[in-house]
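The values are calculated or read from the model by the stated rules, or taken from the named source; none is laboratory data. Predicted model, so just to flag it, every value in this text is computed and none were measured. No Cβ is skipped: glycine too gets one built from the backbone with ideal geometry, and neighbour counts run over all protein chains shown. To get the accessible areas, we keep the full protein, side chains included, count just its heavy atoms, and leave off ligands, DNA and RNA. Shrake-Rupley method; radii C 1.70, N 1.55, O 1.52, S 1.80 Å.
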Amino acid sequence: MEKTGKILIVGGGIIGCSTAFYLTQAGYCNVTILEAVGVAHAASGRAGGFLALDWCDSSFTKDLARKSFQLHEELAKILGKDIGYRKMNTLSMSVLDGTDKKSKKKNNKGCIQAPDWVDGNVQHCQEIGNTCTTAQVTPKLLCEALLDKAKEHGAQVKIGQVVGAEVNNNKVTSLKLEDGECMECDAVLLCMGPWTGQGLAWFGKPNVVSGDRAHSVLLKPQIENSDNTSSHIDNTALFLHYRPNYAGKSQEPEVYPRPDGTVYVCGQGDNHPLPDQPAHVEHSSDSC
């Protein structure tokens, strides 16, 4: 396709924004993102942003994961904006209900000491990543930085719900928006996350994409030491194994302190039905 061809990207999440970025970097100058609600509105703006170099080494995605880890560090340098990138230490930690400050001082075989800002009944603490193998970004900041750079090279964003496509001679010629507008195109890229099945239906294709709902909270802690001085939460991510009330089903929340002082915590997911569009996603107070 010619570099001047009209490319429509459906979805303004991390895949849509990064696709627009790399297309414009490759010289394509007529790229438009069609986003139903807002850039990084759904999971791409609410994910944890944890990165690991070698955690997929036993999987067929090994090379992809390693390349992704490298690319995020490179993007932090070339995008020219804060994307919340930093290298992390990462711990696996088993905790029980209650506060037992002495427990985290234990140094059982194979264990290390928990960070000073962890105040809880820690039973086991082990390093599973370091600043050479784990890192983080803030996904919403990354989406915005990728999009801003793409805009510098001609990319555009249009807010609107796509509801259909026009196909002639096995070639897509336009997309139809909910307000009736038709946008001509030479190519369409579906970057709709778990809603990609809707896009596939426009072309008579079966839905091969699904998704689960996950829950997260963003904390803004104010931690003070016993002498009333502020305590710093360092760059240590926690993968927790937690059994509430010393019994029952264990939970595995993840804790990612961010460079801006906030702490991202994600917990259990569920199989709640996917709504028709991202604007209709609802949170569960019980899960949060």
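For the subset of region 133-167 comprising residues that are over 21 Å from the mean Cα position of the chain (by Cα) and open to solvent by less than 20 Å² (accessible area, probe 1.4 Å), which member is nearest to Arg258 (Cα to Cα)?
Result: Ala155.
Table: residues versus (1) assigned to a helix (DSSP H, G or I); (2) under 16 Å from the mean Cα position of the chain (by Cα); (3) at pLDDT 80 or above; (4) more than 25 Å from Gln123 (Cα to Cα).
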position: Asp234; (1), (2), (3), (4): no, no, yes, no
position: Ala237; (1), (2), (3), (4): no, yes, yes, no
position: Asn245; (1), (2), (3), (4): yes, no, no, no
position: Gly248; (1), (2), (3), (4): no, no, no, no
position: Tyr256; (1), (2), (3), (4): no, yes, yes, no
position: Glu282; (1), (2), (3), (4): no, no, no, yes
position: Ser285; (1), (2), (3), (4): no, no, no, yes
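Counting only residues that are over 17 Å from Ala42 (Cβ atoms), of a type outside the set (A, V, I, L, M) and not in a strand (DSSP E or B), how many does region 146-194 have?
14
Out of the residues in region 26-47 meeting the condition of being out of contact with any helix residue (DSSP H, G or I) (no Cβ under 8 Å at 6 or more places or on another chain) and not in a strand (DSSP E or B), tell me which one is surrounded by the most Cβ atoms within 10 Å (Cβ to Cβ).
Tyr28
Can we say Phe60 is more than 16 Å from Ile15 (Cβ to Cβ) and open to solvent by less than 30 Å² (accessible area, probe 1.4 Å)?
It is false that Phe60 is more than 16 Å from Ile15 (Cβ to Cβ) and open to solvent by less than 30 Å² (accessible area, probe 1.4 Å).
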